[in-house]
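The values are calculated or read from the model by the stated rules, or taken from the named source; none is laboratory data. Note that the coordinates shown come from a computational prediction; the quantities given were computed from them, not determined experimentally. All Cβ positions, glycine included, derive from the backbone under ideal geometry; neighbour counts span all protein chains shown. Surface accessibility is based on the protein's heavy atoms, side chains included, excluding ligands, DNA and RNA. Shrake-Rupley method; radii C 1.70, N 1.55, O 1.52, S 1.80 Å.
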Amino acid sequence: MKKQFFLLAVALGLSATSAHAKLNVIATLPDLGALAAEIGGDKVSVTTLARPTEDPHFVDAKPSFIVKLNRADALIEGGAELETGWLPPLLEGARNAKLAPGAPGRVRCNQGVQLLEVPTTLDRAKGDIHAAGNPHYLMDPLNAKIAAQTIADAFAQLDPKSAEVFQANAKKFAATLETKLAEWQKLLEPFKGRHVVAYHNSWPYFSQRFGVQVDLFLEPKPGIPPSPSHLAGVIAKMKEEKIRVIFVEPHLNRKIAETVARNSGAAVVEACQFPGGVKGTEGGYIQMMDYLVHTLAKALADK
Amino acid sequence: MKLKTIIVLSTALCVSAVGLSAQEAKQMEQLQQQLRQMQEQFEKQQELQRQQIEGLRKQIEALQKNQAAASSEQEKVRQMMERPIAAAPPDTAAGLGKKPWRPTDPLRVFGGQQSYMNISFDGLFAMGGSTARDIEGGTQLGGHDPTQRGFTLQNLELTFDGAVDPYFRGQANVVLQIDSAGETIIEAEEAYLETLSLPGRLQLKAGQYFTEFGRHNPTHPHTWGFVDTPLVNGRFLGGDGLRNLGARASWLLPTPFYSELFFSVQNGHGETAHSFRNGHEGGPFLGRLHTVNRVTSPGDFIFTPRYAASFELTDAQTLLLGASAAFGKNGSGPDARTQLYGVDAFWKWKPANHSGGFPFVSWQTEAMLRKYSAGAFNWDLNADGILDPGEQDGDGDGVADILPRELLTDYGFYSQLSYGFRPGWVAGLRGDYVTRSRQAVYEALYGDDADRLARWRVSPNLTWYPSEFSKIRLQYNYDRRDRVGTDHSLWLQFEFLLGAHAAHKF
């Protein structure tokens, strides 16, 4: 009887879910925003700061972002220095204790993710290399799964009443992702070991997961614009190794990629890291990866 | 009859009692069912938590395994080093992830997440020349402008910043310069702490800092779009800008758009309080010698309110507007005061598919008004009634002049346009204008004051940023000063930045 009473009290406490406000969530980048929306469902409202088509390294620290961050319950960030050029002054202006480093509202999605290309020496003569490692880790679906779980755990802590919903959404997302991953891997299986050219080195995680080697870049060094001599070298190498595909993200110079494609007999493939970066990828992370894998498989099969 | 009634009544009562108990039983059943459901729910949650704990345990195990693997790798490296011919360890850690630090690895003393403090070192230099004979303080008003023909070290800036603790952020900018005489000077330009999360949308800042007056004043030379400081800033806020020891509160207003109120209280004396209680190194300023004491009462401070608001005009266009004022005493007399007013606007266009921040167009404009109430001043410095060397006799009557109290009104503005037309390349154009409202009494006596005369300047420039960490800039100044004439200056500026790259404020 006593136990029942106790249970009743606990249950009452748990079920006292009177209508409560949605979590106000800010995501720095659109891929993180898409994951947050997937996990949060209708229990959160997500605002993304960067636009899917812009260069994530050089987002303007607009004052309106300060207002958004000031009112946020949670901030979802990559945590691998991709936003380091614009996020710090925004947080400084936002003066929001909920987003302080270490606070439950400060969600760093690189937790539990093994970053690749962590430089052993820091030397800017090698270009603008991120000291923490390559920050484009969500290009591996398994890292997206880890990030989704990180987000779900953070949301559950911030809104314990909806914890089950968040965990269930994370589980559902992970399950879909796993099914899809098997499908994607099968689709790219025939092209294992094939080389692909990209404008910028955003693809080591993608390469690692799918076995397609994105390892030749139009930029001579990360963040350094292509020079004619470097491009000539790339074209020669593409011809030699019969590389047929060039990945170009929406913010990068398509004209240069097209010139290289013309001179090497390759095709330019519109790629993106952020849902909404290319038309038809607005539906979220899985739709975007679907697009990427299918487009790449088609381009590799065509030639 | 009575008995019958009683029986009927009691029966009725009994029946209703039975009815009641039946209802109670039903309720009990419902409650029990609810309890059962709750119990089930509770057990379900317990199970979920158990699974989560199990998951975490597995993660810990995996991590421990990784660690073990890493230490066995360390062991391998050690063995390798012990071999007679040591094989070089691989240069990149690609695919291996983060390894524990080894004595052969470099120490990381700067950078975002690896240390408690970001350190950067910025070197800003200029070379060039001008037709003007009075470059330093004549054509070029800024303390960090090119000051001479040939080479100028505009500044060497050491910046330290980071979180102090969970409550404060600290920043310090120490500047080294080599002046035109070749002497090295050091400036404690800024050193302040700032609260991180005060309640009520408030923020406090205290220490030595650039006053938030207008848009240009609080910025450091290497962030400027031009080689030199605007003329209004140089004339009204001084060559080194308005900065001093003090404290500032700011309040982020609860408006749907960005709007913020600032209020700063700073010491009012010293050379970085140019239009306020500045001794001007003992020389005359606006016709008078200035005497300056330390702070003796709250009236000796400079008070600077500012309001700023920003609007997203479109997805690609942002506008930031501001209005500032600064009030304080000046050193020309016991009750002499200065009022400074300024308005500023910044507009920027940057498309949704920019690459590396290019292309962009930005436009920045500031206008300022200074009301300098200059005190009455007797040039008979030793009060002996005789004209001594060093005392002024502008009207030539053989007696030292007595200047009346007068209000000197000056104003000016600059407007600058920057166009980032291709990655790394920016073309800029700036126009400057400053003037006085009318000739002052002291100017009628000693001639027009170069610090008040009308002048304008047009400066086109072209900047190339090989990367975010370096730049080369060529700028031409067409400089037209009343009573002086026209001058042409050409400056080539170059910059390098080592260490942490401070994020750009809007």
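A few comments on the model shown:
- Scan region B:372-394 for residues that are surrounded by 10 or more Cβ atoms within 10 Å (Cβ to Cβ) and part of a loop (DSSP other than H, G, I, E, B) and the total you get is 15.
- Only residues that are assigned to a strand (DSSP E or B) and either among the small types (G, A, S) or within 14 Å of chain A (Cβ to nearest Cβ) (or both) were counted in region B:342-363, giving 12.
- Failed item, numbered, when A:D302 is tested on (1) surrounded by 15 or more Cβ atoms within 10 Å (Cβ to Cβ); (2) free of Cβ contacts under 8 Å to residues at least 60 places away in the same chain: (1)
- Count of region B:162-189 residues which are loosely packed, with under 14 Cβ neighbours inside 10 Å and among the aliphatic types (A, V, I, L, M): 4
- Only one of A:N134, A:N143, A:N169, A:N110 that is in contact with a Phe, Trp or Tyr (Cβ under 8 Å, 6 or more places away or on another chain) and assigned to a helix (DSSP H, G or I): A:N143
- Out of B:W464, B:W456, sole residue that is modelled with pLDDT of 95 or more, open to solvent by 70 Å² or more (accessible area, probe 1.4 Å) and either within 14 Å of chain A (Cβ to nearest Cβ) or not in a strand (DSSP E or B) (or both): B:W464
- Taking the criterion of being open to solvent by less than 20 Å² (accessible area, probe 1.4 Å), over 23 Å from B:G375 (Cβ atoms) and of a type in the set (F, W, Y), no residue of region B:431-442 qualifies.
- Residue among A:L188, A:L116, A:L158 that is within 28 Å of A:E241 (Cα to Cα) and away from every other protein chain (no Cβ under 13 Å): A:L188
- Among the residues making up region A:95-115, those that are small (G, A, S) and open to solvent by 10 Å² or more (accessible area, probe 1.4 Å) are A:A97, A:A100, A:G102, A:A103, A:G112.
- Some residue of region B:471-492 being charged (D, E, K, R), in contact with a helix residue (DSSP H, G or I) (Cβ under 7 Å, 6 or more places away or on another chain) and open to solvent by less than 30 Å² (accessible area, probe 1.4 Å): no
- Per this entry, A:V165 is not counted among residues that are within 18 Å of the chain's Cα centre (by Cα) and outside the structural domain of A:P220 (by TED's automatic domain parsing).
- Condition check for B:A323 on (1) free of Cβ contacts under 8 Å to residues at least 24 places away in the same chain; (2) part of a loop (DSSP other than H, G, I, E, B): one failure, at (2).
- Qualifying residue in region A:80-87 (condition: in a helix (DSSP H, G or I), modelled with pLDDT of 90 or more and under 30 Å from B:F469 (Cα atoms)): yes
- Answer from B:R133, B:R149 - the residue that is open to solvent by 30 Å² or more (accessible area, probe 1.4 Å) and modelled with pLDDT of 95 or more: B:R149
- Scanning region A:193-252 for residues that are part of a loop (DSSP other than H, G, I, E, B), away from every other protein chain (no Cβ under 14 Å) and either surrounded by fewer than 17 Cβ atoms within 10 Å (Cβ to Cβ) or under 17 Å from the mean Cα position of the chain (by Cα) (or both) turns up A:G193, A:K242.
- Screening B:G279 with (1) at positive phi; (2) in contact with a Gly (Cβ under 9 Å, 6 or more places away or on another chain) gives one miss only, at (1).
- Any hit, region B:305-313, residues being within 13 Å of chain A (Cβ to nearest Cβ), modelled with pLDDT under 95 and out of contact with any His (no Cβ under 7 Å at 6 or more places or on another chain): no
- In region B:395-410, residue farthest from the chain's Cα centre (by Cα) [restricted to those that are buried (at least 17 other Cβ atoms within 10 Å of the Cβ) and aliphatic (A, V, I, L, M)]: B:A400
- Filter pass, A:L187 being over 20 Å from A:H130 (Cβ atoms), in a helix (DSSP H, G or I) and open to solvent by less than 40 Å² (accessible area, probe 1.4 Å): no
- Looking across region B:396-418, just one residue is assigned to a loop (DSSP other than H, G, I, E, B) and either closer than 30 Å to B:F360 by Cα or of a type in the set (K, R) (or both), and that is B:R405.
- Residues located in region A:35-61, provided they are more than 14 Å from every other protein chain (Cβ to nearest Cβ), in a helix (DSSP H, G or I) and either over 16 Å from the mean Cα position of the chain (by Cα) or within 15 Å of A:C272 (Cβ to Cβ) (or both): A:G40, A:G41, A:D42, A:K43
- Given (1) touching a residue at least 24 places away in the same chain (Cβ under 8 Å); (2) under 28 Å from A:E164 (Cα atoms); (3) open to solvent by 50 Å² or more (accessible area, probe 1.4 Å), index of the condition A:V44 fails: (3)
- Among residues of region B:331-345, those that are buried (at least 20 other Cβ atoms within 10 Å of the Cβ) and under 26 Å from the mean Cα position of the chain (by Cα), counted: 4
- Positions within region B:411-430 being open to solvent by less than 60 Å² (accessible area, probe 1.4 Å) and in contact with a helix residue (DSSP H, G or I) (Cβ under 7 Å, 6 or more places away or on another chain), in sequence order: B:G412, B:Y414
- Extreme residue, surrounded by the fewest Cβ atoms within 10 Å (Cβ to Cβ), among residues of region B:276-295 that are out of contact with any Ser or Thr (no Cβ under 9 Å at 6 or more places or on another chain) and over 26 Å from B:E190 (Cα atoms): B:G283
- Members of region B:382-416 that are in contact with a Gly (Cβ under 7 Å, 6 or more places away or on another chain) and closer than 27 Å to B:R235 by Cβ: B:D401, B:L403, B:R405, B:Y414, B:S415, B:Q416
- Matching residues in region A:68-94 - criterion: being within 8 Å of chain B (Cβ to nearest Cβ) and open to solvent by 10 Å² or more (accessible area, probe 1.4 Å): A:N70, A:E81, A:T84, A:G85, A:P88, A:P89, A:E92, A:G93
- Evaluated against (1) touching a helix residue (DSSP H, G or I) at 6+ places or on another chain (Cβ under 8 Å); (2) part of a strand (DSSP E or B), B:T304 falls short on exactly one condition, (1).
- Within region A:124-141, the set of residues being more than 9 Å from chain B (Cβ to nearest Cβ) and open to solvent by 60 Å² or more (accessible area, probe 1.4 Å) comprises A:A125, A:K126, A:I129.
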